[in-house]
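Worksheet for the structure shown next.
The values are calculated or read from the model by the stated rules, or taken from the named source; none is laboratory data. A quick note: this is a predicted structure, and the numbers were derived from the prediction, not measured. Here the Cβ is made from the backbone with ideal geometry for all residues, glycine too, and neighbour counts use every protein chain on show.
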Amino acid sequence: MPLFGNSFSPKKTPPRKWASLSNLHLLDRSTREVELGLEYGTPTMNLAGQSLKFENGHWVSESGSFPGDRRELQRLRKRNKQLEEENNLLRLKIDILLDMLSETTAESHLMEKELEELKQHSRRKK
């Protein structure tokens, strides 16, 4: 009996005679789709009373366009542009304020260092 050898060796299972007992694999594709319900169609949803469907990676209205869609879309685009410009301005202001803060902090540290040096120098003279 080996000390570290593999004493357990399972028997190999015999190969299966039939891969599947179902005869669905013998059917053609269209029959299989009908039998198994594999035909999903395009995804659709109803949003604010409008029916939308998903085509080519985008949601598209089934009726063509929303009523009043162009005016609303133009208004939303204009508002979006205004908000983006405001956001850019605010980011610029934040950057300027951070620069000013870091400059003031650096000056403050330098002044504190000079003050400490002056205190030490005056202590040595006494």
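To keep it simple, each residue is scored yes or no on (1) at pLDDT 70 or above; (2) surrounded by 10 or more Cβ atoms within 10 Å (Cβ to Cβ).
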residue	(1), (2)
Met1	no, no
Pro10	yes, no
Thr13	yes, no
Val34	yes, yes
Ser51	yes, yes
Phe66	no, yes
Arg71	yes, no
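Using the structure shown, decide if Glu62 is surrounded by 10 or more Cβ atoms within 10 Å (Cβ to Cβ) and modelled with pLDDT of 95 or more. No.
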